[in-house]
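Enquirer: Structure incoming, see below.
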Protein chains: 2
Amino acid sequence: MALELFSDRAPEDVSIDDIAAAAGASRPLVYHYFPGKQALYEEALRRAGRELAGRFEETADGPLSERLFRVMGRYLDFVQSHAAGFTALLRGGSVAASPDADAVIDQVRRAAQEQILRHLGLPDPSPTLRRTVRAWIANAEISSLDWLADRSVPAETLQLHLVQELVAALAVAATRDPELAALLAEFFATERPDGPTARLVRDLTATLAT
Amino acid sequence: MALELFSDRAPEDVSIDDIAAAAGASRPLVYHYFPGKQALYEEALRRAGRELAGRFEETADGPLSERLFRVMGRYLDFVQSHAAGFTALLRGGSVAASPDADAVIDQVRRAAQEQILRHLGLPDPSPTLRRTVRAWIANAEISSLDWLADRSVPAETLQLHLVQELVAALAVAATRDPELAALLAEFFATERPDGPTARLVRDLTATLAT
């Protein structure tokens, strides 16, 4: 697929000739369908955005942290298989940055936020809860970028840590949001002793006790 | 000061005529010194960035969470007095967005990160700790933008919450970073019973016990 070129390389390193070659099409034909590289890039971005948003979908079965753990596994697979494109897009300063590209990124962020809020199941999430989820999505982006650059831990470790960081942020938010507190109490009751939440609580207790 | 126009309005709403009027200078004179509005905007941004970075400086006295609380007070004062410019810059999609503007923003983020790491006093912060601080800086940006848009809580409340969110994130990071764990134990020993950290621990205990 021609548009996959943008996954493997930064947009400035992809030429119309590369795209034509990958698509088995002539340069004029590529130009016939797309007014230029920027339009092709934004189309690739929209497709990648839809694919990524699809990976956030998860049935509402089992403990919350384990659902989230599965979602983050699929997210990190996506990040790995689109490493160059993901980095070029989110590192900032890309020559391909544009209001349209920003709009696609924001749509994906919103889709992720809505999926998480849906799993929490509160009909009318408080501003505190919305802010907590948005900030955690930024954390996931920043952490993935760092991780792509240094791979300092295995993917599964980052996957676990991001889940635990959301659980911790939700617990802090719950101190200011009684509705969320009641909900988390229910969710925590379903967590398994070897699940991400129980492991975090054990690790925190051990760390803070020393 | 002519450049303060960019604090009160989005860059697209400031004209060279406005700048000339505010500076008591002629339009040709403004053009003589600056090649255009973008250059003036970037100069305003660099000055604002230096001022903001200065507000992160804080003597290493007293409990960590109280130092941070003072810094966040100054940060939120800055955000309030540069509301329109801050929002236009960070909301994305601004017509004034440019690689140079991004570079100034990144410099301020790095200054904030270095100040926080300096207060923690670890000579060689782990990747986990750096990532935690960077993600929290993104949280502070996102939360300030939301807050400027809705002012759903008093500034002092957001100030406290951001401090507590960093303390919580550091505690989670400490479960994966023994050096940080030892350091936090020392810091927590100096926290006052009515300080941000002690209040967070009390609130979390009460919330999770219900």
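Enquirer: Which condition breaks for B:Pro99 when tested against (1) surrounded by 15 or more Cβ atoms within 10 Å (Cβ to Cβ); (2) within 12 Å of another protein chain (Cβ to nearest Cβ)?
Expert: Going through (1) surrounded by 15 or more Cβ atoms within 10 Å (Cβ to Cβ); (2) within 12 Å of another protein chain (Cβ to nearest Cβ) one by one, B:Pro99 breaks only (1).
Enquirer: Right, another one. If you go through segment B:114-153 one residue at a time, how many are touching a Leu at 6+ places or on another chain (Cβ under 8 Å) and on the phi > 0 side of the Ramachandran plot? Can you show your working first?
Expert: First, the residues of segment B:114-153 that are touching a Leu at 6+ places or on another chain (Cβ under 8 Å): B:116-117, B:119-122, B:125-126, B:128-130, B:132-133, B:136, B:139-141, B:143-145, B:147.
Within this subset, residues satisfying the condition of being on the phi > 0 side of the Ramachandran plot are B:121.
Total satisfying the criteria: 1.
Enquirer: Sticking with this structure for a sec: What is the residue count in segment B:160-186 for residues that are under 18 Å from B:Leu68 (Cβ atoms), more than 7 Å from chain A (Cβ to nearest Cβ) and over 18 Å from the mean Cα position of the chain (by Cα)?
Expert: So the answer is 5.
Enquirer: For the subset of segment A:186-203 comprising residues that are aliphatic (A, V, I, L, M) and open to solvent by 40 Å² or more (accessible area, probe 1.4 Å), which member is farthest from B:Val172 (Cα to Cα)? Full working, then the answer.
Expert: Of all residues in segment A:186-203, those aliphatic (A, V, I, L, M) come to A:189, A:198, A:200-201.
Cutting the leftovers down to open to solvent by 40 Å² or more (accessible area, probe 1.4 Å) gives us A:189, A:201.
Details: A:Ala189: 21, A:Val201: 9 Å.
If we take residues in segment A:186-203 being aliphatic (A, V, I, L, M) and open to solvent by 40 Å² or more (accessible area, probe 1.4 Å), then A:Ala189 is farthest from B:Val172 (Cα to Cα).
Enquirer: Among B:Leu129, B:Leu90, B:Leu68, which is within 14 Å of chain A (Cβ to nearest Cβ), surrounded by 20 or more Cβ atoms within 10 Å (Cβ to Cβ) and closer than 27 Å to A:Trp147 by Cβ?
Expert: Sole residue among the options that is within 14 Å of chain A (Cβ to nearest Cβ), surrounded by 20 or more Cβ atoms within 10 Å (Cβ to Cβ) and closer than 27 Å to A:Trp147 by Cβ: B:Leu129.
Enquirer: Name the residues in segment B:137-159 that are more than 10 Å from every other protein chain (Cβ to nearest Cβ) and open to solvent by less than 30 Å² (accessible area, probe 1.4 Å), would you?
Expert: Matches in segment B:137-159: B:Ser144, B:Leu148, B:Ala155, B:Gln159.
Enquirer: Here is a further query. Look through A:Ala185, A:Ala173 and report the one residue that is closer than 16 Å to B:Gln164 by Cβ and touching a Ser or Thr at 6+ places or on another chain (Cβ under 8 Å). Break it down stepwise before answering.
Expert: Working: A:Ala185 fails: closer than 16 Å to B:Gln164 by Cβ.
Matching residue, one of A:Ala185, A:Ala173: A:Ala173.
Enquirer: How many residues are more than 21 Å from B:Gly49 (Cα to Cα) and either in a loop (DSSP other than H, G, I, E, B) or within 24 Å of the chain's Cα centre (by Cα) (or both) when one looks only at segment B:1-34?
Expert: Total meeting the criteria: 4.
Enquirer: Of A:Ala174, A:Ala209, which residue is free of Cβ contacts under 8 Å to residues at least 12 places away in the same chain and open to solvent by less than 10 Å² (accessible area, probe 1.4 Å)?
Expert: A:Ala174 is the lone residue from the list that is free of Cβ contacts under 8 Å to residues at least 12 places away in the same chain and open to solvent by less than 10 Å² (accessible area, probe 1.4 Å).
The values are calculated or read from the model by the stated rules, or taken from the named source; none is laboratory data. Just so you know, these numbers come straight off a predicted model, no measurement behind them. Because the Cβ atoms are built from the backbone with ideal geometry, glycine has one as well, and the counts that use them run over all protein chains shown. Accessible surface is based on the protein model in full, side chains and every heavy atom, while ligands, DNA and RNA are left aside. Shrake-Rupley method; radii C 1.70, N 1.55, O 1.52, S 1.80 Å.
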